[in-house]
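Enquirer: Starting off with a structure, shown below.
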Amino acid sequence: MANINENYLKLKAGYLFPEIAKRVKAYSEKNPSAKVIRLGIGDVTLPIVPSIVDAMVSASKEMGTSEGFHGYGPEQGYSFLLKSIAENDYAPLGIKIDENEIFVSDGSKCDCGNIQEIFSTDAKIAVADPVYPVYVDTNVMAGRTGEIGSDGRYSNLIYMPATRENGFQPEIPKEKADIVYLCYPNNPTGAVTTKEALKAWVEYAKKNNSIILYDSAYEAFISEPDVPRSIYEVEGAKEVAIEFRSFSKTAGFTGLRCAYIVIPKELKGRTRSGEEVSINSLWSRRHTTKFNGVSYVTQKGAEACFSPQGKKEIQTSIGYYMSNAAKIRDGLKKAGYEVFGGINAPYIWLKTSDNLSSWDFFDRLLNQAQVVGTPGSGFGPAGEGYFRLSAFGKKEDVEAAIARISAL
Ligand SMILES: *Cc1c(COP(=O)(O)O)cnc(C)c1O
């Protein structure tokens, strides 16, 4: 038998979603006529919009002709998509991103999970708490943390609590972190940041030679004009930050798979002996070695997101979800709940009533309202006492769920 990577044994068993499924199944078996409404999922539900479908149908037909056939494409993505990204996602913000600073991939989950490979195994990591679990688990796998404690925290990892006391803004650590993960608009809290706060992070990173990993998967849901859409809106951020974006939530690509990562040329790491190394080159080496590109058809679909018609259709879907978010937010507020998020993000984060634990509140909603959400404690110890509802459901389901919760 071969020896295994024992870091994997430190991982907390995938507990959250299996446990939710188990409790829902048990309830449904006992109450077969109950109509359970699921507002727990972080997956989109609306179909792919017509202009994207059309682009992918044409691309598929092209693939069936000898002139239009595409085999392996460039690993970093086709130039047509890289150009569209730079021109549509960055140029309007006054940010100049070169094609060779963008790498197209099959998802931000993979990008956020894989990026840590190019950093030293003793790099010190900082994450918000609560947090998207991928950031933590992939660093546990790589051996950058110790064991998990009874408080639910891994040793040798810097946790930055985000609670209602600090407006869900993780505080800049006193100590030096080599890598900082930030996610705005945030999953799970729905919080957004300000340009001022991002400036402070960029300053911290410059002072400490840190690199910021900025997950912007929900950028398309920003509705307020003064909310930053990219960390590169802050001057100097290109020297310290990598940005992640995905077509998953923006355009319903969770089942199609397409995302990208931006690594500016200015961003440098260093060797133990102090030589500067381009992070862009390191990632390029990794990406071209381990990844063979997103399919031509999918990239054509992604390109269509940037056509005028595509933008309009996507905006309609986002509007649908955000009107759900407003219904959840307003409905719960009226029912006396303390609610956060849901304005620039498709998630509503609420304080549980009667000081219930996240799981006790889960059971109350399931048993008394037949509504399923996600216990906040599943995203980290500081999520205890909170609960996440998602706006990705059907309008009728959202309305019914809010009516039921209000009647409790
Ligand atoms: C959904 C999500 C992503 C995107 O994942 P994909 O792999 O691109 O589907 C990235 N980060 C966060 C925080 C998310 O919630």
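The values are calculated or read from the model by the stated rules, or taken from the named source; none is laboratory data. Keep in mind that this is a model prediction, so the values were computed, not measured. FYI the Cβ positions are ideal-geometry reconstructions off the backbone, even for glycines, and counts take in every protein chain you see. SASA here: full protein model, heavy atoms, side chains in, ligands and nucleic acids out. Shrake-Rupley method; radii C 1.70, N 1.55, O 1.52, S 1.80 Å.
Enquirer: To the nearest 20 debye, what is the magnitude of the charge dipole of the chain about its Cα centre, counting +1 on the Cβ of each Lys and Arg and -1 on the Cβ of each Asp and Glu?
Expert: Magnitude of the dipole: close to 720 debye.
Enquirer: Quick one: which residues, 5 or more positions from TYR386 or on another chain, have an amide H under 5 Å from its amide H? H modelled 1.01 Å from N in the peptide plane, none for Pro or chain starts.
Expert: THR352, SER358, GLY376, SER377
Enquirer: Counting other Cβ atoms within 10 Å of each Cβ, which GluC sites (Glu not before Pro) in the stretch 330-403 have at most 11 and sit in a DSSP loop?
Expert: none
Enquirer: Let me ask you something else. When DSSP assigns beta bridges and you keep just the ones with both residues in the chain, what percent turn out antiparallel, to the nearest 5?
Expert: Bridges in the chain are about 55 percent antiparallel.
Enquirer: Moving to a separate point now. Read phi for every residue in the stretch 289-305 and hand back ³J(HN,Hα) as whole Hz from Karplus 6.51 cos²θ - 1.76 cosθ + 1.60, θ = phi - 60°, with x for Gly and Pro.
Expert: These are the phi-based 3J(HN,Hα) values: 7, 9, 9, 10, x, 7, 4, 3, 4, 5, 5, 5, x, 5, 4, 5, 4 Hz.
Enquirer: Compute the distance from the alpha-carbon center of the stretch 34-86 to that of the stretch 5-33, in whole Å.
Expert: So the separation of the two Cα centres works out to 31 Å.
Enquirer: Return one whole number: the accessible area per residue of the chain in Å², for a 1.4 Å probe. Intermediate results must be reported in sequence, preceding the final value.
Expert: On the way: 18190 Å² over 408 residues.
With all protein chains present, the chain gives 45 Å² per residue.
Enquirer: Same structure, new question: Please give me, ordered by residue number, the trypsin sites (Lys or Arg not before Pro) of the stretch 149-224 that lie in loop per DSSP and have at most 14 other Cβ atoms within 10 Å.
Expert: Sparse-neighbourhood loop trypsin sites (Lys or Arg not before Pro): LYS174, LYS176.
Enquirer: Calculate, in whole percent, how much of the Cα-Cα pair population of the chain lies beyond 37 Å.
Expert: For the chain, the share of Cα pairs beyond 37 Å comes to 24 percent.
Enquirer: Name all residues of the stretch 42-69 having a backbone nitrogen under 19 Å from the label point set 7 Å from the Cα of GLU87 along its Cα→Cβ direction, giving them as ranges.
Expert: Those under the cut-off are 51-52, 55-56, 59.
Enquirer: Over all alpha-carbon pairs of the stretch 266-408, lay out the pair-distance distribution in 10 Å bins, whole %, shortest bin first.
Expert: Cα pair-distance distribution for the stretch 266-408, in percent: 10, 27, 19, 21, 18, 5, 0.
Enquirer: While we're on this one: From zero up to wherever the largest Cα-Cα distance of the stretch 71-180 sits, split into 10 Å bins and tell me the percent of pairs in each.
Expert: 12, 32, 29, 21, 6, 0
Enquirer: OK, next. Just flag the trypsin sites (Lys or Arg not before Pro) in the stretch 2-55 sitting in loop per DSSP whose Cβ has no more than 16 other Cβ atoms within 10 Å. Don't jump to the answer; show the numbers that get you there.
Expert: On the way: sites: LYS10, LYS12, LYS22, ARG23, LYS25, LYS30, LYS35, ARG38; in loops: LYS12, LYS35.
Filter output for the stretch 2-55: LYS12, LYS35.
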